[in-house]
Amino acid sequence: MILYNISIIIEDRSHDQVVNWLKSHLRTSTYEINFLKMLDSPHEGTTYCVQLLAADDTVIFKFQEDVVAEMQTYLTAHHPERAFIFESKMQYLSLE
């Protein structure tokens with residue numbers, strides 16, 4: 001399994017608008033996702049994460065097309081240089 005993580009760093013002046021839009025956008029998603037707020041973030045502003053558990057890269061690619069692309073478009077159009085996205089993929093490993 002792969003944990004696909006999108007981190008969104010939001011400056012304070014755009015915080016409420018971005019979070020409200022994200023919640024609205026994510027509620028309409030057909031994917032099972034988690035929406036988290038990072039505590040003790042090393043960045044200025046607030047950091048949120050959107051996480052998807054996927055069986056393979058095919059699911060992640062579809063999620064990027066269906067959900068992430070619209071997030072990037074919204075942030076670029078409405079909050080340039082005030083909200084930033086970066087992504088990471090992590091593979092679950094056995095302790096054996």
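The values are calculated or read from the model by the stated rules, or taken from the named source; none is laboratory data. Because the structure is predicted, anything quoted here is derived from the model rather than measured. Note that each Cβ is placed from the backbone with ideal geometry, even for glycine, and that neighbours are counted across all protein chains shown. Just so you know, the surface numbers come from the protein's heavy atoms only, side chains and all, with ligands and any DNA or RNA stripped out. Shrake-Rupley method; radii C 1.70, N 1.55, O 1.52, S 1.80 Å.
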Item to complete: Check whether at least one residue in segment 1-11 is surrounded by fewer than 16 Cβ atoms within 10 Å (Cβ to Cβ) and free of Cβ contacts under 8 Å to residues at least 12 places away in the same chain, and report yes or no.
Response: no
Worksheet item: When residues of segment 68-84 are filtered for being open to solvent by 50 Å² or more (accessible area, probe 1.4 Å) and part of a helix (DSSP H, G or I), how many remain?
Response: 6
Item to complete: Sort through E44, E87, E65 and tell me the only one that's among the acidic types (D, E) and part of a strand (DSSP E or B).
Response: E87
Practice prompt. Quickly run through segment 79-96 and pick out the residues that are free of Cβ contacts under 8 Å to residues at least 24 places away in the same chain and not hydrophobic (A, V, I, L, M, F, W, C).
Written response: P80, E81, S94, E96
